[in-house]
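Here is the structure we will look at, set down as structure tokens.
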Amino acid sequence: MDGWPDSSDVCRWKDNVPIQSIITLEIRSLDPRGLQRLMYRGWRMKRSDPPYSRRVEIQRMYQCYTSGQTTLPAASLLRFLHREQLEASADEELVESLIDRYEIEQSARESRAMTFEGFLRYMESKDCCVFDQSHTSVYQDMTQPLCSYFISSSHNTYLTGDQLVGKSHLDAYVSALRKGCRCLEIDCWDGPDSEPMVYHGYTLTTKILFRDVISTVEQHAFEVSPYPVILSLENHCSQEQQEVIAQYLISILGEKLLKTQLDLPTSGELPSPNDLVCKILIKNKKLGPQSEKVVVAEVLSDLVVYTRSVRFISFGHSRDNQAPYENTSIGEKKAHKLAKASGPEFAQHNQRFLSRIYPAGARISSSNYNPQKFWNVGSQLVALNFQSLGLPMDLNSGRFQDNGGCGYVLKPAVLMSSQGNFDPLSSQHSTRPTQLLLKVISGSNLPLPRSGKALDPFVRVEIHGVKSDSCRRNTDVVKNNSLSPHWEASMNFTVSVPELCLVRFSVRDQTGVLNSDFVAQYTLPFSSMKKGYRWVPLRSREGTSLDPASLFVYVWFS
């Protein structure tokens, strides 16, 4: 923006008080346009400067805080952490640990200072990642009932392709489990020689043995997370082969299989993830006093403990008749209508019961819906086709990288309120909106397309949350620069329910006036974003790391 002070002005402006301090004092009294005017963060590059690199920008920050000295003293580093990185809890002990971790020059270490190279190592480390590193471990309360969590869930988990002629493969189960999935779907059909098969019925998808699926699950279930796995059986087998299914579950899963109810102090409630560590639950229909039309082998019915499948009739019927251990599966179209017509009631329903949402049968290419609209009403088991790449799976990966990637994320308080009046479609919410100020400064080492031609990149920042919060902003396009594009683009967002929001950074290549191609992305929960100068690790369409490709941003919110 025109009229911003140059980088040399920042260091001496207001007696060396950084602009961020002034913004913090004035922010609450400003309208959105005022916020935009104050979105400048220092060290803005001049057009006369040499070709941009992140190293140059970080060097400007370093020089500002060294105040002419050859190294950065510990006291100045602490001031940087407070003022620029907004690390309010930073203290001398943290500074000492950073020097020990990132400074390799002996004389600087002895004088408790940082050289520029040490400072650069710190700024490009995980300590300066936009994702809060304390969220890479389980940090949430894991003692609440299962219905209090979003649970990473897969649909038609066995498929590696479409639902007509796609291949079924055991590797699909391994892949889903290694991505933190905690609810797997198994479509069971009668097979030859009394061997139940897994495939998509009435199609040309290939078949795999049920016993091989269970052996694979037993081997990989708890590789990345100790919390319970739910096997959602789509059961089309005869009673005879259902008995075979039950015997495989018992013999292969052994002690990992939950066979009986737990002795819980809060009887009548679902157990917690902590109660079910390293346990596998079976989701299936179950015999009961009013289920004589239900064709379920008794031995399989006995294995259904806390996840009994029942048909959804209405919220009123569930309120009057459904037990906590009973759960429903609802197709996306019906679930969308319910969320639109009765959002608060849907959210209240999900405070007591597990609900699974699954893609419409018409999605024969295994495409996915946007899961956010069902998380907004508190649905726990929002099932996606994990083999299908794109925005929905990016959002799912972003949601569940939180809480250590364990596959269970505690639902926010707005969805668990006893008042039960939260409506995700409303534009009015009870909490004060959060102002997010974001500056997309630059990129680094962006991946080239197959053609090898340099990109014309721009960055799209998307907010995914309740209806009133969902929006996106684009930077300008930088021509012919994949190595070190520089945008210096300021954006501001008003977020009314940040607890539900995901932030997605998407790098795109401008290929025409109205056309652009995907290059890379990174998605994270708003609640996991760190303030200050941060780098954004970029991922491929497949969700794999593109290191060293990254963005450099500045984040502030209040």
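The values are calculated or read from the model by the stated rules, or taken from the named source; none is laboratory data. On a predicted model such as this, the values are computed, not experimentally measured, just so you know. Neighbour counts are summed over all protein chains in view; Cβ atoms, including those assigned to glycine, are modelled from backbone coordinates with ideal geometry. To get the accessible areas, we keep the full protein, side chains included, count just its heavy atoms, and leave off ligands, DNA and RNA. Shrake-Rupley method; radii C 1.70, N 1.55, O 1.52, S 1.80 Å.
Looking at the range 59-104, which of its residues are in contact with a Lys or Arg (Cβ under 8 Å, 6 or more places away or on another chain) and among the small types (Gly, Ala, Ser)?
Hit for the range 59-104 is ALA74, nothing else.
State which residue is farthest from CYS471 (Cα to Cα) when the search covers only the range 318-373 and only residues that are over 25 Å from the mean Cα position of the chain (by Cα), hydroxyl-bearing (Ser, Thr, Tyr) and open to solvent by 10 Å² or more (accessible area, probe 1.4 Å).
TYR325
Test PRO433 against the criterion of being within 15 Å of VAL466 (Cα to Cα), modelled with pLDDT of 95 or more, within 22 Å of the chain's Cα centre (by Cα) and surrounded by fewer than 21 Cβ atoms within 10 Å (Cβ to Cβ), and give yes or no.
no
Looking at this structure, is VAL414 β-branched (Val, Ile, Thr), within 30 Å of PRO226 (Cβ to Cβ) and surrounded by 15 or more Cβ atoms within 10 Å (Cβ to Cβ)?
Considered against the rule, which asks whether it is β-branched (Val, Ile, Thr), within 30 Å of PRO226 (Cβ to Cβ) and surrounded by 15 or more Cβ atoms within 10 Å (Cβ to Cβ), VAL414 comes out as yes.
So is LEU502 of a type outside the set (S, T, N, Q), within 30 Å of SER558 (Cα to Cα), surrounded by 15 or more Cβ atoms within 10 Å (Cβ to Cβ) and touching a strand residue (DSSP E or B) at 6+ places or on another chain (Cβ under 8 Å) or not?
yes
Considering the range 307-317 alone, what residues qualify as being more than 14 Å from PHE374 (Cβ to Cβ), surrounded by 13 or more Cβ atoms within 10 Å (Cβ to Cβ) and not polar (S, T, N, Q)?
ARG308, VAL310, PHE315
If you take the residues in the range 113-167 that are open to solvent by 40 Å² or more (accessible area, probe 1.4 Å) and of a type in the set (Gly, Ala, Ser), which one is nearest to ARG534 (Cα to Cα)?
The qualifying residue nearest to ARG534 (Cα to Cα) is SER134.
Taking the range 243-302 as the region of interest, how many residues are under 19 Å from ARG182 (Cβ atoms) and surrounded by fewer than 13 Cβ atoms within 10 Å (Cβ to Cβ)?
1
Quick check on the range 69-92. Is at least one of its residues part of a loop (DSSP other than H, G, I, E, B), at pLDDT below 95 and more than 30 Å from the chain's Cα centre (by Cα)?
Yes, because at least one residue in the range 69-92 is part of a loop (DSSP other than H, G, I, E, B), at pLDDT below 95 and more than 30 Å from the chain's Cα centre (by Cα).
Sort out which residues of the range 532-547 are part of a loop (DSSP other than H, G, I, E, B) and surrounded by 15 or more Cβ atoms within 10 Å (Cβ to Cβ), and write them in order of number.
SER540, GLY543
Test of understanding: among GLY420, GLY465, which residue is more than 23 Å from the chain's Cα centre (by Cα) and open to solvent by less than 20 Å² (accessible area, probe 1.4 Å)?
Only one candidate passes the filter, namely GLY420.
Within the range 111-134, is even one residue in a helix (DSSP H, G or I), in contact (Cβ under 8 Å) with a residue 24 or more places away in the chain and touching a Pro at 6+ places or on another chain (Cβ under 8 Å)?
Looking through the range 111-134, none of the residues is in a helix (DSSP H, G or I), in contact (Cβ under 8 Å) with a residue 24 or more places away in the chain and touching a Pro at 6+ places or on another chain (Cβ under 8 Å).
Quickly run through the range 278-322 and pick out the residues that are in contact with an Asp or Glu (Cβ under 6 Å, 6 or more places away or on another chain), free of Cβ contacts under 8 Å to residues at least 40 places away in the same chain and not in a loop (DSSP other than H, G, I, E, B).
Those that are in contact with an Asp or Glu (Cβ under 6 Å, 6 or more places away or on another chain), free of Cβ contacts under 8 Å to residues at least 40 places away in the same chain and not in a loop (DSSP other than H, G, I, E, B): ARG308, PHE315.
Scan the range 507-530 residue by residue and report those that are in contact with an Asp or Glu (Cβ under 6 Å, 6 or more places away or on another chain), of a type in the set (Val, Ile, Thr) and open to solvent by 10 Å² or more (accessible area, probe 1.4 Å).
Selection gives THR511, VAL519.
Output the number of the condition that GLN219 fails; it satisfies all remaining conditions of (1) in contact (Cβ under 8 Å) with a residue 24 or more places away in the chain; (2) closer than 27 Å to ASP275 by Cβ; (3) open to solvent by 10 Å² or more (accessible area, probe 1.4 Å); (4) not small (Gly, Ala, Ser).
(1)
How many residues does the range 196-209 hold that are farther than 15 Å from LEU159 by Cβ and open to solvent by less than 40 Å² (accessible area, probe 1.4 Å)?
Adding up the residues that qualify gives 1.
Tally the residues that are open to solvent by less than 20 Å² (accessible area, probe 1.4 Å) and not in a loop (DSSP other than H, G, I, E, B), restricting the search to the range 222-240.
Residues in the range 222-240 being open to solvent by less than 20 Å² (accessible area, probe 1.4 Å) and not in a loop (DSSP other than H, G, I, E, B): 5 in total.
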